[in-house]
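Worksheet: one structure, shown below.
The values are calculated or read from the model by the stated rules, or taken from the named source; none is laboratory data. Fair warning: this is a prediction, and the values are worked out from it, not measured in the lab. Here Cβ is always computed from backbone atoms with ideal geometry, including for glycine, and neighbour counts include all displayed protein chains. Keep in mind that these areas ignore ligands, DNA and RNA; they rest on the heavy atoms of the full protein, side chains included. Shrake-Rupley method; radii C 1.70, N 1.55, O 1.52, S 1.80 Å.
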Amino acid sequence: MVQKVGASLTAGCLGSFVATPCDLVLVRMQSDKRPGIPEEARRNYTGVFNAFSRIVSEEGPRAMYTGAVATCVRAMALNMFMLVSFDEAKERITKAMPEGTSALRITIQASMVSSIFTAGGSLPFDNIKTKLQNQKANAEGIKPFNGIVDCFTKTVAKEGITGLWAGLPTFYFRVGPHAIITLLVADGLRKKFC
């Protein structure tokens, strides 16, 4: 269990750190399209490359890693919930099934269980990450949040603890299939090559 947790945390952190600039651009471009955002609050990027170049020119090269810590924490949580719950579910389902049950059936069931843990466990981190990446400084140059803990505290104070899970059904339909497909493919590859 310790090795599984350690491997999933390490892989999530490294992978997400490399991809943080792309995630930042995605979050900001999606935010601009939300209804109810006033025109003056929009960034109005004309495309991906425009977003990259404007972030660097307007905010500096380091801004490409805005929210990097939160992005890494979110990926670590997602990987841990996905991989550990999958292995645990697979072990328990295997013990509970009658002899001769298809390995594919067990894998499908375990991946479906894991998808629920993945979405529910990682959404609070995703919400915090999105808020940090999307924040803008006011006229005095002050941003609404000073980091993960501050964002978490202010979110809970303003929205309640359940505010961390805002959008869970939609998030599940985004992350659930990802978890199921990833786990099925990874398990199939592991059986083929290991």
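Sequence-distant contacts, meaning Cα pairs under 8 Å at least 6 residues apart, place the relative contact order of the chain at 24 percent. The alpha-carbon of LYS191 sits under 21 angstrom from the alpha-carbons of these lysines, leaving out residues fewer than 8 places away in its chain: LYS4, LYS90, LYS95. With 20 Å as the cut-off, how large is the P(r) tail for the chain, expressed as percent of Cα-Cα pairs? Everything past 20 Å amounts to 62 percent. Between segment 135-155 and segment 1-70, the C-alpha centres lie 16 angstrom from each other. In sequence order, segment 22-31 has phi-based couplings of 5, 5, 4, 4, 4, 4, 5, 5, 5, 4 Hz under the Karplus curve 6.51 cos²θ - 1.76 cosθ + 1.60, θ = phi - 60°, and Gly or Pro positions carry x. Partners of LYS154 within straight-line reach, counting aspartates and glutamates whose Cα lies under 19 Å from its Cα and excluding those fewer than 8 residues away in the same chain: ASP126. In the chain, the sites counted are GluC sites (Glu not before Pro) in DSSP loop states with at most 16 other Cβ atoms within 10 Å, and the longest stretch holding none of them, exclusive of the sites, is 1-98.
With a probe of 1.4 Å, find how much accessible area the chain has per residue, and write the answer as a whole number in Å². That works out to 59 Å² for each residue. Between GLU91 and VAL185, residue separation times 0.36 nm minus the direct Cα-Cα distance comes to 32.1 nm. Note on PHE173 and SER57: with the Förster distance fixed at 41 Å, the Cβ-Cβ geometry gives a FRET efficiency of about 0.70. Rounded to the nearest 20, the size of the Cβ-charge dipole of the chain about its Cα centre is 240 debye, with Lys and Arg at +1 and Asp and Glu at -1. Exposed loop sites here are trypsin sites (Lys or Arg not before Pro) assigned a DSSP state other than H, G, I, E or B and surrounded by at most 11 other beta carbons within 10 Å; excluding them, the longest clear run of the chain is 34-135. Each residue, PHE49 and PHE17, gets one label point 7 Å from its Cα in the Cβ direction; the gap between the two is 3.0 nm.
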